[in-house]
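Structure first, then comments.
The values are calculated or read from the model by the stated rules, or taken from the named source; none is laboratory data. Quick caveat: nothing in here was measured; it's all calculated off a predicted structure. Accessible surface areas use protein heavy atoms only, side chains included; no ligands, DNA or RNA. Shrake-Rupley method; radii C 1.70, N 1.55, O 1.52, S 1.80 Å.
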Amino acid sequence: MRRSCEKRLSEAEVVPFPYSHRRAFIERQAMRAAELNPDAGERHVRTQIQIQIDAMRRRGISEELILREARCMESAIRTALWRAVMQPPGHVQ
């Protein structure tokens, strides 16, 4: 029994705090994209995601985890962007 615990501990993976939960970052990127024309907004979102992917690679995070986090981050930014574009001015959440 002890051997299996040791093996599991040696295979542990460090999981960064999920990027999709970094609300200020997500909201800031969505608001900036909303201020731009659609093509520039799309480039902005893709550039910001690539910057975060590069940062995770430098930290040695696994590719599988990087891809998962990038998808979650993109989804969170696009959700916030949709909310920013579709809500009437002055709407408070």
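The helices (runs of 4 or more DSSP H) found entirely in region 1-64 that carry 1 or more residues being hydrophobic (A, V, I, L, M, F, W, C) and modelled with pLDDT of 65 or more are 23-35, 38-58. Within region 43-66, the set of residues being open to solvent by less than 60 Å² (accessible area, probe 1.4 Å) and closer than 18 Å to Ala76 by Cα comprises His44, Val45, Gln48, Ile49, Gln52, Ile53, Met56, Leu65, Ile66.
Report, by residue number, each residue of region 21-38 that is of a type in the set (D, E, K, R) and farther than 14 Å from Leu81 by Cα. Before you say what the answer is, go through the steps one by one.
Of region 21-38, the ones of a type in the set (D, E, K, R) are 22-23, 27-28, 32, 35.
Arg22, the sole residue that qualifies.
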